[in-house]
Number of protein chains: 2
Amino acid sequence: MPSYSPPTKDLQFILHEVLNAPAQDVPGYNELDADFTSAVLEEAGKIARDVLAPLNVVGDTEGCTLENGVVRTPKGFKQAFDQLREGGWTALDCDPEYGGQGLPYLVQTAVGEMLTASNMAFQMYPGLTHGAYSAIHAHGTAAQKAMYLPKMVTCDWTGTMNLTEPHCGTDLGLMRTKAEPQADGSYAITGQKIFISAGDHDLSDNVIHLVLAKIPGGPEGIKGVSLFIVPKILVNDDGSLGDRNGVSVGKIEEKMGIHGNSTCVMNYDGAKGWLLGTEHKGMRAMFTMMNEARIAVGLQGLGQAAVAYDNALAYAKDRLQGRAVTGTENPDGPADPLIVHPDIRRNLLDQKSFVEGARAFGLWGANLIDRAHRNDDPQAEGLISLLTPVIKGFLTDKGFDCTVAAQQVYGGHGYIEEWGMSQFARDARIAMIYEGANGVQALDLVGRKLAQDGGKHVMGFFDMVKGFCKENADDADLEDFVEPLKAASKDLQAAGMFFMQQGMKNPNAALAGSHDFMHLFGHVCLGLMWARMAKASQAALAAGTADRDFHETKLATGRYYMARQLPMTKTHLARIETGAAPVMGLAAENF
Amino acid sequence: MPSYSPPTKDLQFILHEVLNAPAQDVPGYNELDADFTSAVLEEAGKIARDVLAPLNVVGDTEGCTLENGVVRTPKGFKQAFDQLREGGWTALDCDPEYGGQGLPYLVQTAVGEMLTASNMAFQMYPGLTHGAYSAIHAHGTAAQKAMYLPKMVTCDWTGTMNLTEPHCGTDLGLMRTKAEPQADGSYAITGQKIFISAGDHDLSDNVIHLVLAKIPGGPEGIKGVSLFIVPKILVNDDGSLGDRNGVSVGKIEEKMGIHGNSTCVMNYDGAKGWLLGTEHKGMRAMFTMMNEARIAVGLQGLGQAAVAYDNALAYAKDRLQGRAVTGTENPDGPADPLIVHPDIRRNLLDQKSFVEGARAFGLWGANLIDRAHRNDDPQAEGLISLLTPVIKGFLTDKGFDCTVAAQQVYGGHGYIEEWGMSQFARDARIAMIYEGANGVQALDLVGRKLAQDGGKHVMGFFDMVKGFCKENADDADLEDFVEPLKAASKDLQAAGMFFMQQGMKNPNAALAGSHDFMHLFGHVCLGLMWARMAKASQAALAAGTADRDFHETKLATGRYYMARQLPMTKTHLARIETGAAPVMGLAAENF
């Protein structure tokens, strides 16, 4: 059975030595000294390793069941969920006014990586609750907040997001679910929603569904969509639970993975719902929390890659097979460990250099969200808005690839469920699809975010990269980082320029390259992260750190990324520069 | 539920217009006129589409069961297997002396793609039998051939290959299974073998296991391994079935996919076995059929990509979601079909251009095998020996990627088992692992095949590409193909040169780039295939073909590959040229 090793040291390194969080002028950050975060991360790591990780295979094997309308989660999930709730882990960054701990989103993100890495299907229950909490927190009336938030902060009540219907996923304008106004100010919700993660289960006393629906007579399409709070069990005015609402589980979907999470078809039959936010502005309310939700999904990609790598590494050190081509390295054993073989190392370093770079990228994103929200910093808001599709799309595409690569280290054992490596790949696969499929992320990036506010944010990004390169141009120790970063960033700029010039005449010229652009952007971001980490490690070594191994390994891993991953920007640019013709030339009927 | 459309037209195009098979001076090829192959391919396609494809999901859902020592295959498998046997489809290229039809391996390969695409788990039963048939045919005594081959040609008896043990897969020198000589000339085989595909089942009257084992007192390691014939049920001298042999199924493995195939742990407890070939030369006997087996696995990668693409394409034409950015294309519908969106087209063309190029590559490989075996052509033998790891490694890596890409077209539905797209990815995943994991293919290519016979075969390959480019240099219609092929081939040559120069000093410098080299080589091969197909299509158009759409689509698809896939060679070369340092620099304990 696979195991999980919490990356607490690496998280600390990024928080303190790379982002330099405690020194940042962000409310709450001054508390983030090494002792405090160390204590939080150590405790979260223990729960991830000792409580959630052992339930990962259980969740996959047992799955969730629906019997007589009642959904049961796999054995052990309820106890683990209670332990998480009771430890306050569901409330980390929630508003203290409603019982939250008010910690920065940065800490929530660091902890979140460990929880989702150790058991992705499990972590989706509190994760979706957090999303619903954020929507009510941002758009609810005072009464709604008072009624729902305290219970959602503690996960006594959990939450869901209901968007998709059988005939519409990305294109929500086609939605059919209706919300008919009632005399008491509530709405009667009728329709079917599918793919509802954590749709129903036995972990909480109530489930608060946030449901997108159309009020009859409203505007056509996406502009007539509103958001509603629809509790599974109606809540009395005194906060106690009342009658069952008209919402039921149609079935639990059989999926490729995340079997431990109950993905439900939800049927709303005149269920009582209350408008959240403004009539017909449901999409805006949803989008408020989209950045956070998408970053959280990006972290799922990273998390599964991280745990898969951990296990592949352990296997590569343990499994004896063949001899090193340059001479026996384990003369007392019948063979050398797998890790002596260059292609195994190549594979492991592909994973390791992605995981550590992506971890820094995710935490940087969380830092930007804190600055945007806690400091009302429009520059941070613009930048994270630009980077969000990159974090979601690149980290989940690449994260999935890493889980497949990790599986490969195991040879045939990687294909046998007993060893657990298949599950990491099967679970990670969904992250490329939900919360906006990665093609939609690429479209959002190229079609919307690039030109947002006159292109100010992408220009800001380029200036930041240029600034870093200029600042460190004379540092010989960073040459292996600065030069490749500069080249990759030039490729990204050239791609952006191509889109500007061509996209004016033909938007397809830009959209045909959107997938490649998202990946190109992702590589540049990871290149920037590695350059910053290298700088931090060089500084630590120069200051005589006691932990030379950690920092020298960091530099070696970073050099690998710069030398062997970053050149991918060339191919992405070459593809982008072929424009619309290769993609749009063929008539649909001739495919 | 997914469906399968047999690519008979495309197969015909490659056989007749690209490879020009009937005109080749290979025994049996003169019969391969359009009427004959059309009849064979149409019939095989019907079986694939109507008999095997509908059982694909059944196989995945039901899996195989072991009860009281008896393995049962999924419902319908037995009837389908009988239909395949009775139609003579298991005997296509087998020796007429033993009841085979003696058709070229080229035809077997074209048919094989359709059978494995429609139901990979099912096709492994006859597929492994064919492998065992080949080994006995090549190395058996006259008596062994007479006893086993006629029944194996008809699949009345099926076959297996037993190599792997719990502690050794790639490194078979560590093998523990023992073969103790008996007074009657047989051997008593004792040991445990794992991952035995089609290890036992209810489809045939007997299972003929080919088992690698060590004769006590023989040479150490891989040089002391011999191959044995170990029937599940002993065969009497008159050919009738006798007693059960001492071989039993320990368990059926729970796998990520190919659930319809019974992957068994096989226990040999003093089972009666007979030496196949020479004592201690078991690996050589195994390797005789390795080229064919590896090409067959390459075809599995292609096959799953092909069927996944078929379904993704149908979905992209059918599913209405969003509007084309350049203006509504389906004004009467609530939305446009997915295929109007550039990134969906990009995804589909990635798949289509791979599938059609890989199909040509696989058939070219089969053609080389025919020339090597039927014409005793050492040049063809050398070339296919060089290309085999590329066909296996590149087609299965990329084929799997395509199944994942096809799944993505479905959005959330791609993750739900009901839609069948997950199965294509889960099934395709094994092809990257078995029959020599792809890392081992890359090692075989760089460490052995490149330098084979003084590098003669790779030089021959380069000359062939150069020849094609030179011959067509002045053809303006082929410019889009010749120029990119030339550039890609130069990258491959540069990589080979780098290995020669660096590998002399440090073999790790070559092996660190082996994975990239295999992919670089694969791209050049597909580039060559596309250039040849383009030439054939240009010729057909010039000759006034009635099917202009087919050939114009072929050209558009090829141009896509040349413009958007082939530039990948640059990145592979850049990675290769970083040499050993990034990969070997980090000490194992610091990973």
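Every number in this text was worked out from the coordinates using simple rules, so none of it is lab data. Note that the coordinates shown come from a computational prediction; the quantities given were computed from them, not determined experimentally. Backbone-built Cβ (ideal geometry, glycine too); neighbour counts: all protein chains shown.
Summary table below
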read-out	value
Exposure proxy order (Cβ contacts within 10 Å, fewest to most) of A:193, B:46, A:392	B:46, A:193, A:392
Amide H partners (placed H, <5 Å) of residue B:228, local residues excluded	B:211, B:212, B:213, B:276
Nearest-ten-degree value, helix A:105-118 long axis tilted from longest Cα axis of chain A	80 degrees
Vicinal HN-Hα couplings computed from phi for segment B:361-376 (Karplus, 6.51 cos²θ - 1.76 cosθ + 1.60; Hz; Gly/Pro x)	4, x, 6, 4, x, 5, 4, 5, 5, 4, 5, 5, 8, 8, 10, 6
For residues of B:257-265, the mean tally of beta carbons on other chains within 10 Å	1
Within-15-Å neighbourhood charge of residue A:146 [Cβ basis; K, R +1; D, E -1]	-3
Environment charge at residue A:319 (Cβ cut-off 12 Å; Lys +1, Arg +1, Asp -1, Glu -1)	-2
Stokes-Einstein D (µm²/s) once Rh is taken as the Kirkwood radius of segment B:8-139 over alpha-carbon pairs, at 25 °C in 0.890 mPa s	154 µm²/s
Proportion of all alpha-carbon pairs of chain B beyond 32 Å (%)	48 percent
Whole-Hz ³J(HN,Hα) from phi, Karplus 6.51 cos²θ - 1.76 cosθ + 1.60, for segment B:73-78, glycine and proline x	8, x, 3, x, 5, 4
Segment A:536-591 - Kirkwood radius from inverse mean 1/r over Cα pairs (Å)	14.9 Å
Cβ-placed point charges (K, R +1; D, E -1), dipole of the protein assembly as shown about Cα centre in debye, nearest 20	920 debye
All-pairs alpha carbon distance profile, segment B:159-288, 5 Å steps from 0, percent	2, 11, 21, 25, 19, 13, 6, 2, 0
Counted charge near residue B:393, where neighbours are those whose Cβ lies closer than 10 Å (Asp, Glu -1; Lys, Arg +1)	+1
Distance (nanometres) between label positions extended 7 Å along Cα→Cβ at residue B:490 and residue B:267	6.3 nm
Separation of the residue A:83 and residue B:501 label points, Cα + 7 Å toward Cβ, nm	5.8 nm
Pseudo-label separations to other copies for residue B:75 - Cα-to-Cβ vector, 7 Å, nm	2.9
Compactness relative to 2.2 N^0.38 Å, alpha carbon Rg of segment A:419-460	1.73
Cross-link reach list, aspartates and glutamates versus residue A:470, counting only Cα pairs under 19 Å and skipping chain neighbours closer than eight places	A:479, A:480, A:483, A:491
Within segment B:160-308: Cβ-based charge dipole about Cα centre, in debye rounded to nearest 20 (Lys, Arg +1; Asp, Glu -1)	440 debye
Cα-based Rg of segment A:397-551 normalised by 2.2 N^0.38 Å, two decimals	1.31
Length released on extending from residue B:476 to residue B:180, taking residue separation times 0.36 nm less the Cα-Cα span	99.8 nm
Cα point-scatterer Debye curve for segment A:289-436, base-10 log of I(q)/I(0) at q = 0.10, 0.15, 0.20 Å⁻¹	-0.42, -0.75, -1.07
Distance violations [Cα-Cα > 26 Å] among A:466/A:535; A:352/A:535; A:193/B:352	A:193/B:352
Part-to-part distance (alpha-carbon centres) for segment B:342-402 and segment B:473-490, which is given in Å	20 Å
Hz values of 3J(HN,Hα) by residue in segment B:222-239 - Karplus curve (6.51, -1.76, 1.60), Gly and Pro given as x	5, 7, x, 9, 10, 10, 10, 8, 10, x, 4, 10, 5, 9, 6, 4, 7, x
The protein assembly as shown - share of DSSP beta bridges that are antiparallel (%, nearest 5)	80 percent
Centroid-to-centroid separation of segment A:221-236 and segment B:164-227 [C-alpha atoms, Å]	64 Å
Cut-off under 5 Å, modelled amide H: who pairs with residue A:250 long-range	A:265, A:266, A:267
Likely footprinting exposure, A:533, B:1, fewest C-beta neighbours within 10 Å first	B:1, A:533
Per-selection Kirkwood Rh - segment B:168-242 (Cα, Å, 1 d.p.)	13.8 Å
Shielding of B:565-577 by partner chains, average beta-carbon count, 10 Å	4
DSSP-defined beta bridges in segment A:129-250 - what % are antiparallel, rounded to 5	65 percent
Relative contact order for chain A, counting Cα pairs under 8 Å that sit 6 or more residues apart, in percent	13 percent
Rounded FRET efficiency, nearest 0.05, which uses the C-beta distance separating residue A:448 from residue B:278 and R0 of 51 Å	0.15
Distances in nm from residue A:3 to the matching label points in the other copies, shortest first (labels 7 Å along Cα to Cβ)	5.2
Residue order, fewest to most surrounding Cβ atoms within 10 angstrom, among A:201, B:280	B:280, A:201
Cα pair distances in segment A:8-287, grouped into 10 Å bins until the bin that holds the longest one, percent each	7, 28, 32, 23, 9, 1
Label spacing, shortest first and in nm, from residue A:542 to its equivalents in the remaining copies (7 angstrom along Cα→Cβ)	6.6
Segment B:458-550: relative contact order in percent, alpha carbon pairs under 8 Å with at least 6 residues between	31 percent
Cβ-Cβ FRET estimate between residue B:142 and residue A:65, R0 fixed at 51 Å, reported to 0.05	0.30
Per-selection metrics, segment B:245-372 (Cα): Rg and Dmax in Å	23.8, 74
Hull volume in cubic angstrom per residue (convex hull over the Cα atoms of the protein assembly as shown)	168 Å³
Separation in nanometres of the label points that stand 7 Å from Cα toward Cβ, at residue A:34 and residue A:325	4.2 nm
